[in-house]
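Chemist: Please see the structure below; I have some questions.
The values are calculated or read from the model by the stated rules, or taken from the named source; none is laboratory data. Computed from a predicted structure; not experimentally measured. In this analysis, Cβ positions are derived from the backbone assuming ideal geometry, glycine residues included, and neighbour counts consider all displayed protein chains.
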Amino acid sequence: MPELASRREVAAAPDAVERELTEIRVAGFGGQGVILAAQILGKAAAIFDGVHATMTQNFGPEARGGACSAQLIVARHPVLYPYVTKADILVAMSQEAFGKFVPELKQGGLLLVERDLVRIQQDLPERVRTYGVPATRIAEKLGKRVVQNIVMLGFFGAVTEVVSRKAMEQAVLSSVPASMAALNKDALQAGYEVGRACLESRLPASECDQIPEYAAWLD
Amino acid sequence: MSTAETPTEMPLCEQAPGENPICENPVEQFLRTDRMPHIWCPGCGIGTTVNCFARALLKTGLDLRKVVVVSGIGCTGRVAGYVKLDSFHTTHGRAIPFATGLKLANPELTVVVYSGDGDLTSIGGNHLIHAARRNLDLKVICVNNLTYSMTGGQAAATTPEDSITTTSPYGAFEPAMNIPHLVAAAGATFVARWTTFHVAQTMKAMQRMLTRRGFSFLEVISPCPTLYQRRNQMGDGLDTMKHYKEVSVSNNNANLAEIGMTKSGQITVGNFLEIERPDYLEAMRAQLRNRLQERYIEVGGAPCQN
Amino acid sequence: MHADPTGVLTGTHFLNGDQACCEGALAGGARFSAGYPITPSTEIVERFSKRIPTIGGVFIQMEDELAASIAIQGAVWAGAKAFTVTSGPGFSLMMEHIGLAAMTETPCVFVDVQRGGPSTGLPTLPAQGDMMQARFGSHGDYPCIALCPSSPQECFTLMVRAMNLAEEFRTPVFLMMDEVVGHMTERVQIPPAETIAVTPRKLTDKAPGEFRPYEDSEDLVPPMAHAGEGYQFHVTGLTHDERGYPSMTPATQAKLIRRLREKITRGMDRITQVEEDNVDGAEVVVVSYGITMRVAQRAIKLARAEGIAVGGMRLVTVWPFPEERIHALAGRVRALVIPELNMGQVALEVERCARGATQVIPVPHAGATVHDPQQILDAIRKGAGR
Amino acid sequence: MAKGTVAIKTERCKGCSFCVEFCPPKVLALSPVYNAKGYHPPQLIDPDKCTGCDLCGMYCPDFAIHGFRFPKAAAEPAPTVGAAA
């Protein structure tokens, strides 16, 4: 089982009593598969990694156009409070989602963005590390734009330690139709490869384009 | 027994009808005789319709253990309490959805909804429309006495214009609902209207409904001498029956848009409509079998018990 | 009797509370549901409509909640186990038929996924404002059973339990969920069918003619019969005698209404389910239910970190209210803290049962989200005199 | 010679007169006597003409009267009954 919350410093009281958890926000616009991504992530943790995960999604009119988001709490112990208070990880798939949720990202947190759709125009909380992935572009190159969320999940899997690679793959395959298994597997693989290359290069996100594995998807 | 014995036959029946089987009223077997006499007023037509219903059941030869009567609230709503069948006296307006659950959970049942105009067309109007649309296999008998009787004779959706009721003391001015037109438009596959004067026709229509499949609707115009006729100077129950005889015109091919009830005008009666189309259960089974193939587990004759 | 394996999705799943509730209904034997779409309960019947044709049963989407709430009762009398689900405005529309089910002793389950109100309120956001409506919503005086799950896992287990309690007591049972629990996705373990206890319907063994549908029996729960079996029985929402016949006399009313109440009171021990956490020796006990108790647990941990002896009592069954438990508790603590997503409904009951023996501190919340644990922590501190 | 007759449960009768009015051979009339509830139940005033057609039975809202044919007469073709509009 991966070490949870290993990247993070222990937050200040009062929530220090529950620090063995990771709060994740996944956000974007309707049609990007944001909710499914969070669902798969939660499933990977709760079913295949055997830890605890609670996923909640924001319903309502905003889910049919504007910002749409899901919250996921992953923990060693049963999750009590089901919502994100301060996100350890924000996955932003759209500019609007980024703008809306970046204030809840905690200091030292992790920001994952859709490289082509999110421009980081505002100050981030201190010590936030940012990673970007051209998820939509990669998905299009693989043949179907709809797997952009799976590309993002692969990328997420590579740059965070929330769920194991194996659990992620099992979760993806058990959540998509059998006829789409191969495509989703490729999407996940592509995301992982780009993520790992990015991480290993130790380059800042803005310079990841220089990495051959990354650049290959951009032309 | 022979005709020669006739003179002694009749007094025997009058004194102790139970002692001679031939004296037994054939409808007795359908009645909860321990609840007689019933609550309906002298000259009320509801009992006459029940009489027709019992005789229709007798003629169909249906297994009475599988016939269920569901009523709503109101004078006609009390029918469920007097018929010796599995019977349910439900809430105001909701006999049809209750019957829907009964029928779908055990398709073997012959489900009769027996209620009044206020119950079925006003508070329960939406259910009437949708059951007709679904062509759910229910036999709906609507006794229409043009008013809310149980509550003391208020204006109903079916009250003809200019009628005096306790809530239209200066005469009703809303057009009365034309029920056969409504249910036909909603998708009913059998629609008829008779009056309590037309006992043989009423019985035959009931017989037809009981033996066919699909949403079947019968409106029976019936006197409410105590509350409707009296307030409108239309006499008693008998006067009303004579009035029905006088003003009724039988026309199976009537244009349903034109048969709305008026206070004292013509009453168009007839078996207006009988068409075939798949009922709800048939349509459901066909659709599910088509989509699910052998994975579909059909809810058949047996109730969906666990 | 155990569950029919056909309907049991044994295994470990990642389900939201609504989906888990549907699985609970199927495991509990439900083979009929009638519904009308309303957020945030719709996913329950969406799943049911997908699952039931391959299990053997019927789902029908009715024209409104009034229809749905009585169609299930028709199905029950035809022999099926049945339930319906709704939310806020739909729950209001179902009230009359909750009374009908209580009066006619029709075993069925009503699931209310609570959202913010009154009126249309907050269709997609949580509240726990229907607790008193569940208790007293239909007219007349009748008892009820209401269970409050606080996780998708419990939406499964408590739905099975709700189906069972309905059969055991021949009464409508409420599963009082809330939007958070309904839409929250977590791991749900569904055990093998043979380990899931299912209460069979209590049916008469008498012959037609000898059967009296509402006769007195030892446990005050009369055995029933199904339509179509030759009993030719009568069921009415009117006050009725043992034969099921209308009888509108003071004596019949008193006998019937007392029995309806008494059958639940007598069964209290089998119905009441309360979870206690470090209640012995506690200065303050937080009493809550549903999602709010999960949130409260965070506050409890924080308070303990400050050295306050805090206990927790989670009401899994809210109705009938565990009166004696609360009363006994009240005599031993400095304060009872009652957070809930309403302006203080169950707090009133706690106050009544405490009978002045302790301080009762409600932590009201208008809904739309859950409490900030800090609010509950403040109330705990106040109760502890800090 | 009567083909049939009627049986009356006088205590159920509410005196509506439907049976009297719609009897095809007009063999019934309300009796001058009262039943326990104060209604005048019908009586057979012209027994020889009764056909036992049971139209009175069909009309009766109170299940208080019904007509029946004598067994021998029942074998003969039944006359057309029912009220035409």
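Chemist: Within the stretch C:29-75, track down each residue that is more than 17 Å from C:L15 (Cβ to Cβ) and of a type in the set (K, R).
Modeler: The answer is C:R31, and nothing else.
Chemist: Kindly indicate whether A:G157 is in a helix (DSSP H, G or I), within 12 Å of the chain's Cα centre (by Cα) and not hydrophobic (A, V, I, L, M, F, W, C). Talk me through it step by step, then tell me what you get.
Modeler: Working: in a helix (DSSP H, G or I): yes; within 12 Å of the chain's Cα centre (by Cα): yes; not hydrophobic (A, V, I, L, M, F, W, C): yes.
It is true that A:G157 is in a helix (DSSP H, G or I), within 12 Å of the chain's Cα centre (by Cα) and not hydrophobic (A, V, I, L, M, F, W, C).
Chemist: So which residues in the stretch C:37-76 are touching a helix residue (DSSP H, G or I) at 6+ places or on another chain (Cβ under 8 Å), farther than 23 Å from B:E298 by Cα and more than 11 Å from chain B (Cβ to nearest Cβ), if there are any at all?
Modeler: C:P37, C:I38, C:P40, C:S41, C:T42, C:E43
Chemist: Go through C:R381, C:R298, C:R325, C:R355 for me and flag whichever is surrounded by 17 or more Cβ atoms within 10 Å (Cβ to Cβ), within 27 Å of C:I145 (Cα to Cα) and basic (K, R).
Modeler: On the way: C:R381 fails: within 27 Å of C:I145 (Cα to Cα); C:R298 fails: within 27 Å of C:I145 (Cα to Cα); C:R355 fails: surrounded by 17 or more Cβ atoms within 10 Å (Cβ to Cβ).
Sole residue among the options that is surrounded by 17 or more Cβ atoms within 10 Å (Cβ to Cβ), within 27 Å of C:I145 (Cα to Cα) and basic (K, R): C:R325.
Chemist: Now for a separate question. If you take just the strands (runs of 3 or more DSSP E) that sit entirely in the stretch C:1-74, which of them hold at least 3 residues that are farther than 18 Å from B:M284 by Cα? Explain how you work it out, then say what you get.
Modeler: On the way: elements: C:11-16, C:30-35, C:58-61.
Because the criterion is at least 3 residues that are farther than 18 Å from B:M284 by Cα, the strands (runs of 3 or more DSSP E) in the stretch C:1-74 that meet it are C:11-16.
Chemist: Pairs, please: C-beta under 6 Å, at least 6 apart or cross-chain, first residue without any contact (Cβ under 8 Å) to a residue 40 or more places away in the chain and under 20 Å from C:G74 (Cβ atoms) and in the stretch C:216-239, second among the charged types (D, E, K, R) and in a loop (DSSP other than H, G, I, E, B)?
Modeler: C:P223/C:K202; C:Q232/B:K84
Chemist: Moving on to the next point. Would you pick out the residues in the stretch B:64-113 that are without any contact (Cβ under 8 Å) to a residue 40 or more places away in the chain, charged (D, E, K, R) and in a loop (DSSP other than H, G, I, E, B)?
Modeler: Correct list: B:R94 only.
Chemist: Any idea which of C:R187, C:R201 is in contact with a helix residue (DSSP H, G or I) (Cβ under 7 Å, 6 or more places away or on another chain), basic (K, R) and assigned to a strand (DSSP E or B)?
Modeler: Details: C:R201 fails: assigned to a strand (DSSP E or B).
Going through C:R187, C:R201 in turn, the sole match is C:R187.
Chemist: Here's another thing I want to ask about it. Taking the conditions exactly as written (crowded, with 16+ Cβ neighbours inside 10 Å and either without any contact (Cβ under 8 Å) to a residue 60 or more places away in the chain or more than 15 Å from the chain's Cα centre (by Cα) (or both)), does A:V128 satisfy them or not? Let's see the steps before the verdict.
Modeler: Working: crowded, with 16+ Cβ neighbours inside 10 Å: yes; either without any contact (Cβ under 8 Å) to a residue 60 or more places away in the chain or more than 15 Å from the chain's Cα centre (by Cα) (or both): yes.
Judged against the criteria, A:V128 is a match.
Chemist: Also: For the stretch A:105-149, which positions are in contact with a strand residue (DSSP E or B) (Cβ under 6 Å, 6 or more places away or on another chain) and assigned to a loop (DSSP other than H, G, I, E, B)?
Modeler: A:R115, A:V118, A:P125, A:E126, A:R127, A:V128 - these are the residues of the stretch A:105-149 that are in contact with a strand residue (DSSP E or B) (Cβ under 6 Å, 6 or more places away or on another chain) and assigned to a loop (DSSP other than H, G, I, E, B).
Chemist: Would you be able to tell me the number of residues in the stretch C:254-274 that are within 18 Å of the chain's Cα centre (by Cα) and either within 13 Å of chain A (Cβ to nearest Cβ) or among the aliphatic types (A, V, I, L, M) (or both)?
Modeler: Residues meeting the conditions: 5.
Chemist: Out of all the residues in the stretch A:131-139, is one or more more than 14 Å from the chain's Cα centre (by Cα), farther than 28 Å from A:G108 by Cα and surrounded by fewer than 22 Cβ atoms within 10 Å (Cβ to Cβ)?
Modeler: The answer is yes, given that some residue of the stretch A:131-139 is more than 14 Å from the chain's Cα centre (by Cα), farther than 28 Å from A:G108 by Cα and surrounded by fewer than 22 Cβ atoms within 10 Å (Cβ to Cβ).
Chemist: Return the total of residues in the stretch C:146-189 being within 26 Å of A:A38 (Cβ to Cβ), surrounded by fewer than 24 Cβ atoms within 10 Å (Cβ to Cβ) and away from chain A (no Cβ under 14 Å).
Modeler: Going through the stretch C:146-189 one residue at a time, the tally reaches 1.
Chemist: A follow-up question, please. Quick check on my filter: what residues within the stretch A:1-44 are in a loop (DSSP other than H, G, I, E, B), modelled with pLDDT of 90 or more and touching a Ser or Thr at 6+ places or on another chain (Cβ under 8 Å)? Show your work before the answer.
Modeler: Residues of the stretch A:1-44 in a loop (DSSP other than H, G, I, E, B): A:1-14, A:19-20, A:30-33.
Restricting the remaining residues to those that are modelled with pLDDT of 90 or more gives A:32-33.
Correct list: A:Q32 only.
Chemist: Within the set of pairs 6 or more residues apart or between chains, which connect a residue that is at pLDDT 95 or above inside the stretch B:146-162 to a residue that is acidic (D, E) and surrounded by fewer than 24 Cβ atoms within 10 Å (Cβ to Cβ) with Cβ atoms less than 8 Å apart?
Modeler: B:A155/B:E174; B:A157/B:E174; B:T159/B:E174; B:E161/B:E174
Chemist: Next question. Please go through the stretch B:130-149 and give me each residue that is hydrophobic (A, V, I, L, M, F, W, C) and within 21 Å of B:M241 (Cα to Cα), ordered by number.
Modeler: Restricting attention to the stretch B:130-149, the residues satisfying the condition of being hydrophobic (A, V, I, L, M, F, W, C) are B:131-132, B:136, B:138, B:140-143, B:146.
Hits for the stretch B:130-149 are B:I141, B:C142, B:V143, B:L146.
Chemist: Any chance you could count how many residues in the stretch C:37-57 are surrounded by 24 or more Cβ atoms within 10 Å (Cβ to Cβ) and among the β-branched types (V, I, T)?
Modeler: If we filter the stretch C:37-57 for residues that are surrounded by 24 or more Cβ atoms within 10 Å (Cβ to Cβ), which is where we start, we get C:40-41, C:44-45, C:48, C:52, C:57.
Right, trim to among the β-branched types (V, I, T) and you get C:44-45, C:52.
The qualifying residues number 3.
Chemist: Only one of C:S217, C:S247 is outside the structural domain of C:S41 (by TED's automatic domain parsing), at pLDDT below 95 and over 30 Å from C:F14 (Cβ atoms); which? Working first, answer last.
Modeler: On the way: C:S247 fails: at pLDDT below 95.
Answer to the check: C:S217.
Chemist: Moving to a separate point now. Within the stretch C:23-35, can one find any residue that is touching a residue at least 12 places away in the same chain (Cβ under 8 Å), away from every other protein chain (no Cβ under 11 Å), surrounded by fewer than 24 Cβ atoms within 10 Å (Cβ to Cβ) and within 20 Å of the chain's Cα centre (by Cα)?
Modeler: No.
Chemist: Looking at the stretch C:1-13, I want the residues that are within 7 Å of C:A193 (Cβ to Cβ) and have a partner that is at pLDDT below 95 with Cβ atoms under 7 Å, at least 6 apart or on another chain. Which pairs are those?
Modeler: Pairs found: C:D4/B:N306.
Chemist: Taking the criterion of being closer than 18 Å to C:N342 by Cβ, part of a strand (DSSP E or B), modelled with pLDDT of 95 or more and polar (S, T, N, Q), would at least one residue in the stretch C:109-121 satisfy it? Give the derivation first.
Modeler: First, pick out the residues of the stretch C:109-121 that are closer than 18 Å to C:N342 by Cβ: C:112-121.
Narrowing the set further to residues that are part of a strand (DSSP E or B) leaves C:112-116.
Then keep just the ones that are modelled with pLDDT of 95 or more; that gives C:112-116.
Those still in the list that are polar (S, T, N, Q) too: C:114.
Checked against the condition, which is being closer than 18 Å to C:N342 by Cβ, part of a strand (DSSP E or B), modelled with pLDDT of 95 or more and polar (S, T, N, Q), the stretch C:109-121 yields at least one hit.
To keep it simple, each residue is scored yes or no on (1) under 30 Å from C:L125 (Cα atoms); (2) touching a residue at least 24 places away in the same chain (Cβ under 8 Å); (3) in contact with a Pro (Cβ under 8 Å, 6 or more places away or on another chain).
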| site | (1), (2), (3) |
| --- | --- |
| C:A328 | no, no, no |
| C:V333 | no, yes, no |
| C:E349 | yes, yes, no |
| C:I361 | yes, yes, no |
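Chemist: Condition first: among the aliphatic types (A, V, I, L, M), within 19 Å of C:T104 (Cα to Cα) and more than 11 Å from chain B (Cβ to nearest Cβ). Now tell me which residues in the stretch C:190-245 satisfy that.
Modeler: Scanning the stretch C:190-245 gives C:L220, C:V221, C:M224.
Chemist: With respect to B:T90, is the statement that it is more than 9 Å from chain C (Cβ to nearest Cβ) and among the hydroxyl-bearing types (S, T, Y) true?
Modeler: Against the criterion (more than 9 Å from chain C (Cβ to nearest Cβ) and among the hydroxyl-bearing types (S, T, Y)), B:T90 does not qualify.
Chemist: Which of the residues belonging to the stretch B:176-228 are within 14 Å of chain D (Cβ to nearest Cβ), of a type in the set (G, A, S) and buried (at least 24 other Cβ atoms within 10 Å of the Cβ)? It would help to see each step written out before you state the result.
Modeler: Residues of the stretch B:176-228 within 14 Å of chain D (Cβ to nearest Cβ): B:192-207, B:220-226.
Narrowing further to those that are of a type in the set (G, A, S): B:192, B:200, B:205, B:222.
If the condition is that a residue be within 14 Å of chain D (Cβ to nearest Cβ), of a type in the set (G, A, S) and buried (at least 24 other Cβ atoms within 10 Å of the Cβ), then B:A192, B:A205, B:S222 are the ones that fit.
Chemist: Taking the stretch A:184-204 only, how many residues are touching a helix residue (DSSP H, G or I) at 6+ places or on another chain (Cβ under 6 Å) and within 17 Å of A:I40 (Cβ to Cβ)? I'd like the intermediate steps shown before the answer.
Modeler: Residues of the stretch A:184-204 touching a helix residue (DSSP H, G or I) at 6+ places or on another chain (Cβ under 6 Å): A:184, A:186-188, A:190-199.
Right, trim to within 17 Å of A:I40 (Cβ to Cβ) and you get A:184, A:186-188, A:190-192, A:195.
Within the stretch A:184-204, residues that are touching a helix residue (DSSP H, G or I) at 6+ places or on another chain (Cβ under 6 Å) and within 17 Å of A:I40 (Cβ to Cβ) number 8.
Chemist: Looking only at residues that are surrounded by fewer than 24 Cβ atoms within 10 Å (Cβ to Cβ) and more than 15 Å from C:G237 (Cα to Cα) in the stretch B:66-81, which one is nearest to the other protein chains (Cβ to nearest Cβ)? Full working, then the answer.
Modeler: Just the residues of the stretch B:66-81 that are surrounded by fewer than 24 Cβ atoms within 10 Å (Cβ to Cβ), to begin with: B:66-67, B:81.
This time we only want the ones that are more than 15 Å from C:G237 (Cα to Cα), so: B:66-67.
Details: B:K66: 5, B:V67: 9 Å.
Out of the qualifying residues, it is B:K66.
Chemist: Which residue, of B:A186, B:A172, is under 20 Å from B:P278 (Cα atoms) and either modelled with pLDDT under 95 or more than 14 Å from the chain's Cα centre (by Cα) (or both)? It would help to see each step written out before you state the result.
Modeler: Details: B:A172 fails: under 20 Å from B:P278 (Cα atoms).
The match here is B:A186.
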